[in-house]
Structures are given as C-alpha cells and as structure tokens.
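Notes to accompany the following structure.
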Amino acid sequence: MPAFDLFDYARQFNNQEIHFKYDAESGLAAVIAIHSTRNGPALGGCRMATYASTERAVQDAIRLAQGMSYKAVMCGLPLGGGKAVIMKPSGAFNRRAIINSFAQFVHDLNGRYITSIDSGTSVEDLNWVAQHTAWVAGHTKGKRAGGDPSPYTARGVLKGMEAAIHYYLPNRRWLDLTVLIQGVGHVGYYLAKYLYERGAKIIVSDVSVTAAQRCAQEFNAQVVDVNQIYRTPCDVFSPCALGGVLTEESVRLLPAKIIAGSANNQLANLAVIDTLKQCNIHYVPDYVLNAGGLIQVYCAHYELPMSEADARIDEIYPRLLELFRQSTSEQKVPAEIVDKVANEKLNRQEVILEPN
C-alpha cells in the first residue's frame, strides 16, 4: 500500500490550506482544513473523534472542508468551506483545556476560518471557544449567539425528504411512509420529532441505547439493533451519524427506496454510485440536503434575522427538485452531477445573500 502523500491528497480535493496544532500542555492535536476562501471566510464545524491515525484525521478534515464549500455555494451563501478535527485523546483528559487551546488555534487564523459545532463537540464547547475568539458560530452566550443549529439542519433534511418523496414516490403521504434514522443524536433526534409530528412511522438505530430509547418513548419509534439496520425494510433510510456508511455491501442489503440524511460524506467511494443505480435506490446528495445548520449559524454570526434562515431552508425543496429534474434530463443520478454543479457555481462565485 503506497504511503500517504499529504499534498497529493490535498490536490485531489482542491484544498487551499491545511493548518496543524499540537499543544503538549493541554494535549490538543488538531487540524484545520480550509478548502476555499474565494467567496468568503471558511465556515465549518469542529469534529472531536477518535482516529486510528493522524492520516485518517487529516483525510477527514480535507474531505469535509470540500463538502462545506459545496454546501455554502449551493445555497448561495458568501462563504468558503473549512473543517476542524480534534483528535480525541485516549484515556482521561481536560476537555476545557483542549477546547481553550483549540480556540486560540482558530483565533490565530484571523478570521480565515469560522468554527462551529460538529460530531463530538457541543454548544458548551462553543461557549468556551467564544470566550477566546470572535470566529465562532453556534454558541449561546454573548454577541452573535445563535445556539444549537441541529433543529435547523433537521428541518432542511425534512425539506429534502419531502422533495425526494414528491419526485420519486408521487402520491405517497407521510402516514403511509416508514423512515429509518441511523443515529438519533443532535440532528437525528429533531428529525424524528418532525417526522412524528407529520405522522410517519419511525424506526431508529443508535449505538447509544439511551438515545434510541428516548425516541421510542417520545415518538413511538421502533428500535432496531445497529447490526440489523441495513436489513430493515423502510421507504426512506436517513443516515444521521458519521459518514462513509454507504458502501457497495450496505447498499445491496438496504431495502429502501430513498436515502436522505444529515451525515456528511455518506458515500464510502464513488463506486457506490453504480451500486445505487443497480439497486434503484434514489440517493439525495448530502451537502445539498443538510445545509440548514450552516444557513442558521451564518445568519446568527452575521446578525441576520432568523426569518432569513427559515426562508433559505425552505429553498432546499425547490433546489433539490431542480437537481432531480436535471439528473433525469441527463440520464444520470443526482450524485453524478451535483459536484459538477457545485464546482461551476463556486467558480462563478454565485452568491445571493450578502452579510451586513
């Protein structure tokens, strides 16, 4: 197996910058990948997770940063894309010390990167970050506080589901549909809530038994074991945990008609696209679908009214319908054309909403 070449990997994803910080005192080991600042500062969440190697952490940051650029340009925001990854230490550690050191890391980039919440980080973490730098979005205390973006992300996913159901399953109602949610943490929980309010049958699966049981109690959700999730019949499969879950093997097992979820980088590789076509499963591209949280933190950071965020999230529905129509016209699935569309928009610097 060839050795990992950092610069070659960055070139593959057109990554603009990669920044590293190791702080022996706090134990912080972090990377910030900036895909683009062409349209504005790179905004993207900070993920804290256990990685098998630094190489895996760097790859995750670079791929996620590209997705954030595409996400921003597809919904017309004057932003670039970036992502931060904190390698979670093994054993006991001082979380606040690590977050404080990370905040200084962000501050030293002088606004080129704006951080926010992601898997493994919390609003409380962001509140700590906000004590050290202004380049943060999604906190709840102080100036430009917007709070947890998860409900807004979930609203956007719901809009995208509605578009996919309208296009691919016409004449079906929520009362007739079963949605299987993989991961019911921040976003997955709110998505389950919104689906329950609309009358859909909900199935959930999570490595956290507590999280799954909460949905069972509050939303009458059926709980399935994580080892059975890809064999459970449903109309819509919604990956809302970590990425890479759609492999050739998992897709062949999955008895679903539509895949629409909030997780980033759901496709393990491009070969999965052919498997989706063979199985006649309609996959909704993740970075178009899950833009609601980005829209909300952008509006909060630039002190725009939340009515602007609501209007922007509503546009996910017609944007996806147009993408579905284009894919039908070109006889390609949406995943085959969406990166091209995003790149064209990025190169045109097509932004609609300007900050104050």
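Couple of notes before you dig in:
- Here the condition is being farther than 14 Å from Leu28 by Cβ, charged (D, E, K, R) and surrounded by fewer than 24 Cβ atoms within 10 Å (Cβ to Cβ); of Arg56, Arg95, it holds for Arg56 alone.
- Yes/no for Pro149 being touching a Leu at 6+ places or on another chain (Cβ under 8 Å) and modelled with pLDDT under 95: yes
- Of the listed requirements (1) within 21 Å of Gly292 (Cβ to Cβ); (2) in contact with a His (Cβ under 9 Å, 6 or more places away or on another chain), Ala72 misses just one: (2).
- Given (1) in contact (Cβ under 8 Å) with a residue 60 or more places away in the chain; (2) outside any loop (DSSP other than H, G, I, E, B); (3) surrounded by fewer than 18 Cβ atoms within 10 Å (Cβ to Cβ), number of the condition Gly44 does not satisfy: (3)
- Considering residues of the stretch 202-227 that are out of contact with any strand residue (DSSP E or B) (no Cβ under 6 Å at 6 or more places or on another chain) and part of a loop (DSSP other than H, G, I, E, B) only, the residue surrounded by the most Cβ atoms within 10 Å (Cβ to Cβ): Asp206
- Residue within the stretch 274-284 that is under 23 Å from Ile337 (Cα atoms), modelled with pLDDT of 95 or more, in contact with a strand residue (DSSP E or B) (Cβ under 9 Å, 6 or more places away or on another chain) and assigned to a loop (DSSP other than H, G, I, E, B) present: yes
- Considering Tyr230, Tyr190, the condition of being touching a Pro at 6+ places or on another chain (Cβ under 8 Å), part of a helix (DSSP H, G or I) and without any contact (Cβ under 8 Å) to a residue 60 or more places away in the chain is satisfied by Tyr190 alone.
- Residues that are touching a Lys or Arg at 6+ places or on another chain (Cβ under 6 Å) and polar (S, T, N, Q) number at least 1 in the following helices (runs of 4 or more DSSP H) confined to the stretch 78-182: 123-130.
- Test result for Arg319, buried (at least 23 other Cβ atoms within 10 Å of the Cβ), among the basic types (Lys, Arg) and within 20 Å of the chain's Cα centre (by Cα): no
- Across the stretch 65-81, not a single residue is classified as among the hydrophobic types (A, V, I, L, M, F, W, C) and over 30 Å from Pro318 (Cβ atoms).
- Cβ-Cβ contacts under 7 Å between residues 6 or more apart (or on different chains), taken from a first residue in the stretch 89-107 that is in contact (Cβ under 8 Å) with a residue 40 or more places away in the chain to a second residue that is among the aromatic types (Phe, Trp, Tyr), are listed as Asn100/Trp128; Val106/Tyr113; Val106/Trp135.
- The residue of the stretch 231-268 that is surrounded by the most Cβ atoms within 10 Å (Cβ to Cβ), among those that are more than 30 Å from Gly81 (Cα to Cα) and in contact with a helix residue (DSSP H, G or I) (Cβ under 6 Å, 6 or more places away or on another chain), is Leu254.
- When restricted to residues that are in a helix (DSSP H, G or I) and touching a residue at least 24 places away in the same chain (Cβ under 8 Å), the stretch 326-342 contains 7.
- Residue, surrounded by the fewest Cβ atoms within 10 Å (Cβ to Cβ), within the stretch 79-90, restricted to residues that are under 16 Å from Gly120 (Cβ atoms) and not charged (D, E, K, R): Ser90
- Against the criterion of being in a helix (DSSP H, G or I), among the charged types (D, E, K, R) and in contact (Cβ under 8 Å) with a residue 40 or more places away in the chain, Glu197 does not qualify.
- Residue in the stretch 190-210 that is nearest to Phe237 (Cα to Cα), counting only those that are of a type in the set (Ser, Thr, Tyr) and in contact with a Gly (Cβ under 9 Å, 6 or more places away or on another chain): Ser205
- Of all the residues in the stretch 10-36, those that are over 29 Å from Asn94 (Cβ atoms) and aromatic (Phe, Trp, Tyr) number 1.
- Test for Ala30: is it in a helix (DSSP H, G or I), closer than 21 Å to Asn127 by Cα, out of contact with any Pro (no Cβ under 6 Å at 6 or more places or on another chain) and not acidic (Asp, Glu): no
The values are calculated or read from the model by the stated rules, or taken from the named source; none is laboratory data. What you see is a predicted model; the values in this text were computed from it and never measured. As a convention, Cβ positions derive from the backbone with ideal geometry for all residues, glycine included, and neighbour counts pool all protein chains shown.
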